[in-house]
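Reviewing the structure listed below.
Read-outs throughout are calculated quantities, based only on the coordinates presented, and are distinct from any laboratory measurement. No experiment lies behind these values; they were computed from the predicted model shown. Glycine gets a Cβ as well: all are built from the backbone with ideal geometry, and neighbour counts include every protein chain shown.
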Amino acid sequence: MSFADDIKSLPVLAGALCKGLSALRPADRRHITKRQSTRLAGSVDLDSALKAAEPAAPRWDYVIGELRQAGERLHWVEVHPANGTSHIGEMAKKLAWLHDWMRKTPLHGYERRIVWAASGRSAFNSRHPALKGLANQGLAFAGGRVTI
């Protein structure tokens, strides 16, 4: 299977796969870019696609599929405020939700990168001690921009 096939196999994500980075909401586009050499399998706005099914859940924003010679790699990107340490707790809840949701799907088996992009000014950097716990769970803090 492929990223595109696996997305299409999930009824809750029916019709959510978009070409390139076109699933990104306008406010988030400046935070997520791709290198010219990167080939994409598509993107999904998970937050919007899962809103009806899980309205109260701390849903993750996006999953972006990258095509590579060694196989596809998924970039799970959350664009979220980082202007205070309270946002670290919010991200911990979102990350726990993502790990739980991902385990229930065929998307769990892919090589992955889980990234937090600050939606505005950040009160900390990727080496902030409060981020260590999230880093141990696989989350990377990218500051204001994620490059794929």
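Before moving on, here are some points about what is shown:
- Over the chain - Rg/Rh using Cα atoms and the Kirkwood inverse-distance radius: 0.94
- For the pair V12 and A27, label points projected 7 Å from Cα toward Cβ lie 2.3 nm apart.
- Long-range lysine pairs (8 or more apart or interchain), the range 3-147, Cα under 16 Å: 7
- The range 7-57 shape via C-alpha gyration tensor axes, a/c threshold 1.5: oblate
- Neighbour-count ranking [beta-carbon atoms within 10 angstrom, fewest first] of H99, H75: H99, H75
- Max mean-square fluctuation residue, GNM over the chain, Cα-Cα springs under 10 Å, options A41, A23, A52: A52
- To the nearest ten degrees, helix 86-103 and the longest principal axis of the Cα atoms of the chain are 20 degrees apart.
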